[in-house]
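Student: Here's a structure for you.
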Amino acid sequence: AALRRGGGPSSSHLLRRCYSSESAPERKVAVLGAAGGIGQPLALLMKLNPLVSKLALYDIAGTPGVAADVSHINTRSEVAGYMGEDQLGQALEGSDIVIIPAGVPRKPGMTRDDLFNINAGIVKSLCTAIAKYCPNALVNMISNPVNSTVPIAAEVFKKAGTYDERKLFGVTTLDVVRAKTFYAGKAKVPVAEVNVPVVGGHAGITILPLFSQATPKSNNLSDDEIKALTKRTQDGGTEVVEAKAGKGSATLSMAYAGAIFADACLKGLNGVPDVVECSFVQSNITELPFFASKVKLGKKGVEEVLGLGPLSDYEKQGLESLKPELKASIEKGIKFASEK
Ligand code: NAD
Ligand code: LMR
């Protein structure tokens, strides 16, 4: 076995050896919205993941081309493209994880909630199909507004009698990715070593990075710098929307974040211990029914929703300020799904 210079094999090396071989369990991953701005690079990144044995790429148009292209990459998974509602069942059947980046993105001047009218219906119909064809799959919800689309999915699954709160995740990993990048830049610490929990939700002030818990610790960030880092993390999506000037929102960084989160879900399913990521899940760590926090992932999805840990006064204020907006977005999703 390859040994690290000056020591034993690294834990990441061992993990790669355990899980990168063809002997890793069979795992099917479906991407819904696979021909889109996020869907295409996410399909690429999932094709590169050795934990995936089957990759199903579904969209209402364009998937034959994406699937043919990605399928030529010489990695483990078999790739198939599915197009149009008639093929949705086939795409979903047998899936262990369903990743949903289907729906419209923001343009400058819009909030994520402005996407509700179109994306709520898309998410509802996709989740209805998930309940029918792969009720046990872990669902990674990327479509915005996440603060409402996750509650919509929960209601659809409840109505279908398939809801398992351990299996539904709002993907907030991009907030963590941004917080890590921005913190590393300001604190002048190596970005690869940085960890920052981000809690709350996924829109504006509902995104609450906990820089007081960031590691490696930095003692030279002023209160104003922490405030600026918080605001930049909360406005990270808007920064990209404005820079793209009408051509959509984050796609490449989102695909990266989505691939990190799906990989964590796969590791959890495969029994890798101590897999922890932040995610927007059903929760009782605050009075709100859904909340993003650190979550331990296991063989059945969420194994444990971890608490918030100690907060600074600034973070305590941020937590109280985000609750009314997050509550309203959750209720809007529940109302939509239960009325129609
Ligand atoms: P896009 O328009 O480039 O792609 C969306 C894809 O969804 C298109 O290919 C479209 O054909 C497909 N689609 C539409 N209706 C569908 C349906 N019923 N079934 C299957 N596919 C369908 O948009 P994008 O940039 O990829 O963004 C997608 C979504 O992800 C948006 O809602 C965006 O706001 C959201 N997003 C979330 C995060 C996050 O952090 N959670 C980050 C970035 C973007
Ligand atoms: C993001 O955070 O980049 C996404 O939610 C997309 C958006 O609309 O900002």
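Student: How many of the residues in segment 83-122 are surrounded by 15 or more Cβ atoms within 10 Å (Cβ to Cβ), among the polar types (S, T, N, Q) and over 21 Å from K335 (Cβ atoms)?
Tutor: Within segment 83-122, residues that are surrounded by 15 or more Cβ atoms within 10 Å (Cβ to Cβ), among the polar types (S, T, N, Q) and over 21 Å from K335 (Cβ atoms) number 2.
Student: A further question follows. Could you tell me whether segment 314-331 includes any residue that is in a strand (DSSP E or B) and surrounded by fewer than 17 Cβ atoms within 10 Å (Cβ to Cβ)?
Tutor: Scanning segment 314-331, I find no residue that is in a strand (DSSP E or B) and surrounded by fewer than 17 Cβ atoms within 10 Å (Cβ to Cβ), so the answer is no.
Student: Tally time: how many residues in segment 257-284 are part of a helix (DSSP H, G or I) and either closer than 21 Å to V104 by Cβ or away from ligand 1 (no atom under 14 Å from the Cβ) (or both)?
Tutor: Number satisfying all stated conditions: 9.
Student: Looking at segment 270-279, is at least one residue among the hydrophobic types (A, V, I, L, M, F, W, C), surrounded by fewer than 17 Cβ atoms within 10 Å (Cβ to Cβ) and either closer than 30 Å to G185 by Cβ or more than 16 Å from ligand 2 (Cβ to nearest atom) (or both)?
Tutor: Taking every residue of segment 270-279 in turn, at least one turns out to be among the hydrophobic types (A, V, I, L, M, F, W, C), surrounded by fewer than 17 Cβ atoms within 10 Å (Cβ to Cβ) and either closer than 30 Å to G185 by Cβ or more than 16 Å from ligand 2 (Cβ to nearest atom) (or both).
Student: Only one of F211, F157, F169 is within 28 Å of Q282 (Cα to Cα), buried (at least 22 other Cβ atoms within 10 Å of the Cβ), within 12 Å of ligand 1 (Cβ to nearest atom) and aromatic (F, W, Y). Can you tell me which?
Tutor: It is F169.
Student: Could you tell me whether A30 is in contact with a helix residue (DSSP H, G or I) (Cβ under 8 Å, 6 or more places away or on another chain), among the hydrophobic types (A, V, I, L, M, F, W, C) and at pLDDT 95 or above?
Tutor: For A30, the condition - in contact with a helix residue (DSSP H, G or I) (Cβ under 8 Å, 6 or more places away or on another chain), among the hydrophobic types (A, V, I, L, M, F, W, C) and at pLDDT 95 or above - is met.
The values are calculated or read from the model by the stated rules, or taken from the named source; none is laboratory data. Model, not experiment: these values are computed from the prediction. Please note: Cβ atoms are built from the backbone with ideal geometry, for glycine as well, and neighbour counts cover all protein chains shown.
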